[in-house]
């Protein structure tokens with residue numbers, strides 16, 4: 001069975017932009033808790049949210065989010 005992992009650089013770009021979690025959350029229309037969960041890889045964003053975050057940082061989605069598949073040999 002294959003399992004995918006979505007990693008992100010939200011924390012990196014947020015701190016470089018000197019934005020608090022609260023300010024980023026307001027800019028993209030989510031709660032601070034959602035941003036916190038994203039930064040700790042406990043939440044996978046919707047495609048719309050991923051685009052919103054990329055827009056705020058003036059980056060491509062691929063610069064912020066990366067996806068890899070793991071193959072589980074069971």
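From the list 21, 33, which one is farther than 20 Å from residue 69 by Cα and surrounded by 15 or more Cβ atoms within 10 Å (Cβ to Cβ)?
Answer to the check: 21.
Where residues in region 1-30 are without any contact (Cβ under 8 Å) to a residue 60 or more places away in the chain and outside any helix (DSSP H, G or I), which of them is nearest to the chain's Cα centre (by Cα)?
In this case the residue turns out to be 8.
Scan region 64-74 and tell me whether some residue there is more than 10 Å from the chain's Cα centre (by Cα) and without any contact (Cβ under 8 Å) to a residue 12 or more places away in the chain. Can you show your working first?
Going through region 64-74, the residues more than 10 Å from the chain's Cα centre (by Cα) turn out to be 67-74.
Add one more test, that the residue is without any contact (Cβ under 8 Å) to a residue 12 or more places away in the chain, and what stays is 73.
Checked region 64-74: at least one residue is more than 10 Å from the chain's Cα centre (by Cα) and without any contact (Cβ under 8 Å) to a residue 12 or more places away in the chain.
Starting from residues that are in contact with a strand residue (DSSP E or B) (Cβ under 8 Å, 6 or more places away or on another chain) and on the phi < 0 side of the Ramachandran plot, keep the ones in region 10-44 and report whichever is modelled with the lowest pLDDT.
Result: 44.
Here are some conditions: (1) in contact with a helix residue (DSSP H, G or I) (Cβ under 9 Å, 6 or more places away or on another chain); (2) farther than 14 Å from residue 12 by Cα; (3) assigned to a helix (DSSP H, G or I). Residue 44 meets all but one. Which one does it not meet?
It fails just one condition, (3).
The values are calculated or read from the model by the stated rules, or taken from the named source; none is laboratory data. Computed from a predicted model, the values in this text were never measured in an experiment. Don't worry about glycine lacking a Cβ; one is built from the backbone with ideal geometry, like all the others, and counts go over all protein chains shown.
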